[in-house]
Amino acid sequence: MGCFSFIKVMMILFNMLIFLCGAALLAVGIWVSVDGPSFMKIFGPMSSTAMQFVNVGYFLIAAGAVLFALGFLGCYGAQTENKCALMTFFFILLLIFIAEVAAAVVALVYTTLAENFLTVVVVPNIKKEYGSQKDFTQVWNSTMEGLKCCGFTNYTDFEGSPYVLSSGTFPPYCCYNSVNHSLVEPCNSVSAHNMSVQGCFKQLLYDIRTNAVTVGGVAAGIGGLELAAMIVSMYLYCNLE
């Protein structure tokens, strides 16, 4: 029973940490959804990559809610030795683990398909909102500045956008000279075409591949923790009367 008690305490502490992390993510998600510009001002380019492809506020709220519920179930199940709570905890973690593996396989095998899908979704939004919607424009500017990229695929994504129609030029980041690290101004269609600045999606993939060891290590660590939590919860479940 000494081993059982130790594992039970560790289960409670581990899930208490998950519970607190979930609460923190919920708070940040609500803050971003209510006051996005302040979030961008504080974190700047650090937040731009994630905000580029998803609504980070809703994403954080969803992730926070899942972690919050997961931490509560783990703590409650271990503390009260409730079999139902422990089994629910196990199945939620199992579903998350399967979803992560599936997402990794899709990302590795169907990168081109994902790019085509995102192009259909993201590019029309650029043409519609870049230059007219302040937060959207700020997110793109931070992303392009941080990743040294232009648009989702290239400068043509901005053709017909409110920014181009009103200024007659493309975003300055589309005319970035990588040789002397300067911006060519004015950034017209000829300059943007000659500069051939990489689209942000391909640049992001390049950065991920460049740091593949770090990304893989983090993913493996998260997967290992999830497997350990599932094993511990099943151990407690099987040893409860």
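The values are calculated or read from the model by the stated rules, or taken from the named source; none is laboratory data. Only a predicted model underlies this, so the values are computations on that prediction, with no experimental measurement involved. Neighbour counts are summed over all protein chains in view; Cβ atoms, including those assigned to glycine, are modelled from backbone coordinates with ideal geometry. Ligands, DNA and RNA are stripped out before the accessible areas are found, and what is left, the full protein with its side chains, is counted by its heavy atoms. Shrake-Rupley method; radii C 1.70, N 1.55, O 1.52, S 1.80 Å.
How far, in nm, would the chain grow between Lys134 and Cys84 when pulled straight, counting 0.36 nm per residue and subtracting the alpha carbon separation? Don't skip to the end; give the middle numbers.
Working: separation 50, 0.36 × 50 = 18.00 nm, distance 4.80 nm.
Contour length minus Cα-Cα distance gives 13.2 nm.
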## Note on the structure
Of every hundred units of 1.4 Å-probe accessible area on the chain, the number belonging to carbon and sulfur atoms, as a percent, is 70 percent
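With a Förster radius of 51 Å, plug the Cβ-Cβ distance of Ala63 and Asn194 into 1/(1 + (r/R0)^6) and report the FRET value to the nearest 0.05.
Numbers: r = 42 Å, r/R0 = 0.82.
In this case the efficiency is close to 0.75.
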#### Entry: Virtual spin-label span in nm between Leu225 and Cys238, 7 Å along Cα→Cβ
2.5 nm
### Task
Could you calculate the contour length gain from Ser178 to Phe117, that is, 0.36 nm times the residue separation minus the distance between their Cα atoms, to one decimal place in nm?
19.1 nm
### Cysteines without a disulfide-compatible neighbour (Cβ-Cβ under 4.7 Å), the chain
Cys3, Cys21, Cys75, Cys84, Cys238
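Based on DSSP H runs of at least 4 residues, each adding -39500 (n - 2.57), what is the mean residue ellipticity at 222 nm of the chain after dividing by all its residues, to the nearest 500 deg cm²/dmol? Present the calculation step by step, with values, prior to reporting the outcome.
Working: 11 runs with 186 residues, N = 241.
So the calculated ellipticity at 222 nm is -26000 deg cm²/dmol.
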### Query
In terms of modelled amide H atoms, which long-range or inter-chain residues lie less than 5 Å from the amide H of Leu183?
Asn177
#### Entry: Distance (nanometres) between label positions extended 7 Å along Cα→Cβ at Leu165 and Met10
6.2 nm
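Highest mean first, how do 74-85, 91-102 rank when packing is the count of other Cβ atoms within 10 Å averaged over residues? Provide the component values of the computation, followed by the final result.
On the way: 74-85: 18.6, 91-102: 13.3.
So the order, starting with the most tightly packed, is 74-85, 91-102.
Tell me the relative contact order for the chain as a rounded percent, counting alpha carbon contacts under 8 Å between residues six or more apart. All intermediate terms of the calculation are to be shown ahead of the outcome.
Working: 288 pairs, mean separation 50.6, N = 241.
Computed value for the chain: 21 percent relative contact order.
Suppose all protein chains stay in the model; what accessible area per residue would a 1.4 Å probe give for the chain, in Å²?
Details: 13670 Å² over 241 residues.
The answer is 57 Å² per residue.
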### Query
Given [x] 45, 18, 14; [y] 34, 23, 17; [z] 24, 21, 19, which label gives semi-axes √(5λ) of the Cα gyration tensor in Å as computed from the coordinates?
[x]
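Need the full-extension length gain, Glu100 to Cys21, defined as separation in residues times 0.36 nm minus the C-alpha distance. One decimal, nm. Don't skip to the end; give the middle numbers.
Working: separation 79, 0.36 × 79 = 28.44 nm, distance 1.91 nm.
Net length gain for the segment: 26.5 nm.
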